[in-house]
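Data first, discussion second: the structure below is written as structure tokens.
The values are calculated or read from the model by the stated rules, or taken from the named source; none is laboratory data. None of these values were measured; they are calculated from a predicted model. Here the Cβ positions follow ideal geometry from the backbone for every residue, glycine too, while neighbour counts run over all protein chains shown.
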């Protein structure tokens, strides 16, 4: 299979997005934006970001695109397009490369996205570099800087599962586990995020490094204190059963759940819950936002308050 | 220098494009398109697409972005943004990586472009994957399918110089040669291309593989015959002096000149020349477009007409 045959195999026969003006096949791709354009890019390298020991080709493609869609979701946007630059090493067979593209197409289709370009070149090591475009209504970007004192802190889904799945893979347990499925095939929350459009102001960040890290980013950029209640962290039954001692730690610092961490005004609480129900997305309120002289994240465990660092480590809060 | 320090060093302190809504630093980048959006991406791998024996880091960055800008130019668009995904092998020093970014910035600045994202990750081999965005006025995309019987064929600049420069580099001649400069620091014709906006219809293709290849693409997609007059091919004095025997062959099939090959209606000839003069871009008329039962490219050498194949090879035309 040469490059032309590959392009033929992966090129879409039609475009899902009506904003396409000129599809694949000329010097570049042309689209007529239906709102503000959100753009992100993410690169994954074999044996650095993933291993073929633990990830099948389809999952590698799927998860690489999932990371990008999660970034689009974290801006509140509706996914529209993706492009793929692939460096392929000689160890990869044609079937495996097609499976990688199929993993992306499987997820892209769920989100109504079109493949709009890219290239496939030879090299020493597999590199998957993806870009993604989404649209948001003018002025409805959801930024990390949008948290305000008085806000409620929420998170979608459950936390720490992807970290639990990675642990099982490293211990070579059954690959049929739901935790492993979370690690391989995460579900980015774009459908929920674009549904938030009626709300005037939402602060959003996607959980790629763990909410300890994401909450600290929000606190820093918004200039606020974020307080998280440990007992309200959404942790799945299956994670609690398999890893009772690590579940809380992984909920705080386990990466790549691709859930959304956000804050909204208290008066938008019911509206948010209605959107979440309509979009079939579990949402849990886990904390509050308050004003602070210096940005920080506090973890409340029962009556104890500790400073939660970016890494997920805690230390006792100094009284001020 | 860790990744955060690198990001700090390469992040723009302000944006040149007024369409920027949310700059680097959140989950994704946001812009408000001022026209139809043109998007392209291109990936270069060390020891596949370039060698450090012949290219200094600054030139590697410069040329990688030049290839993308040339694609934007070939659609008639005004360059606006670029992003860079870099896989860095341990052999690269921090200074070399910064020089690579500086090469891009040097060219990006000339075209008023902003760096809008990307990532830098470790790997076995340097990979430079660039995306670029440009804007075109609605309906003013310049496609390969736009050639019509009766059109004039033109090309910008001179042809074959980059191929001559590569030859000199492989023979390890002086690196001060103007041919080597053309190879290392090509000038994509975006300023000229966006200046064509007043013309109703222009067919454009950028010369990345050689005009034999590009003319065949235009002929195939537009369904026409393209006839090129060998004696009118613009070949530089320096290429003729250094490589008198290969100059014509390289003008036809030498790649990476990043000039533009195009066709326009005959009545737009004077308008095109006026734009070319205003934008300080040499333009030469080298042929004509005619209707054909089957798309083809003909090379006229004196009284002889040969079929010009995609590869640059010719064979005697069958009489029909």
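If you filter the stretch B:27-53 down to residues that are out of contact with any helix residue (DSSP H, G or I) (no Cβ under 6 Å at 6 or more places or on another chain) and more than 7 Å from chain A (Cβ to nearest Cβ), you find that the one that is surrounded by the fewest Cβ atoms within 10 Å (Cβ to Cβ) is B:53.
The selection criterion, being modelled with pLDDT of 95 or more, touching a strand residue (DSSP E or B) at 6+ places or on another chain (Cβ under 8 Å) and under 12 Å from residue A:62 (Cα atoms), does not hold for residue A:113. Restricting B:142, B:148 to residues that are in contact (Cβ under 8 Å) with a residue 24 or more places away in the chain and within 19 Å of the chain's Cα centre (by Cα) narrows the list to B:142.
Here A:128, A:155 are screened, and the one residue that is in contact (Cβ under 8 Å) with a residue 12 or more places away in the chain and away from chain B (no Cβ under 14 Å) is A:155. Taking the stretch A:170-265 and the helices (runs of 4 or more DSSP H) fully enclosed by it, the elements with 1 or more residues that are closer than 30 Å to residue A:293 by Cα, in contact with a helix residue (DSSP H, G or I) (Cβ under 9 Å, 6 or more places away or on another chain) and modelled with pLDDT of 95 or more are at A:211-222, A:247-253. The lone criterion from (1) over 30 Å from residue B:204 (Cα atoms); (2) within 11 Å of chain B (Cβ to nearest Cβ); (3) surrounded by fewer than 20 Cβ atoms within 10 Å (Cβ to Cβ) left unmet by residue A:20 is number (1). Candidates in the stretch A:267-320 are the residues that are in a helix (DSSP H, G or I) and surrounded by 18 or more Cβ atoms within 10 Å (Cβ to Cβ); of these, the one that is nearest to the chain's Cα centre (by Cα) is A:276.
Results for (1) out of contact with any strand residue (DSSP E or B) (no Cβ under 8 Å at 6 or more places or on another chain); (2) not assigned by TED's automatic domain parsing to the domain that holds residue B:44, shown as yes or no for each residue.
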{"residue": "B:132", "(1), (2)": "no, no"}
{"residue": "B:148", "(1), (2)": "no, yes"}
{"residue": "B:152", "(1), (2)": "no, yes"}
{"residue": "B:157", "(1), (2)": "yes, yes"}
{"residue": "B:161", "(1), (2)": "yes, yes"}
{"residue": "B:165", "(1), (2)": "yes, yes"}
{"residue": "B:168", "(1), (2)": "yes, yes"}
{"residue": "B:172", "(1), (2)": "yes, yes"}
{"residue": "B:176", "(1), (2)": "yes, yes"}
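Number of residues in the stretch A:197-211 that are touching a strand residue (DSSP E or B) at 6+ places or on another chain (Cβ under 8 Å) and crowded, with 23+ Cβ neighbours inside 10 Å: the value is 7.
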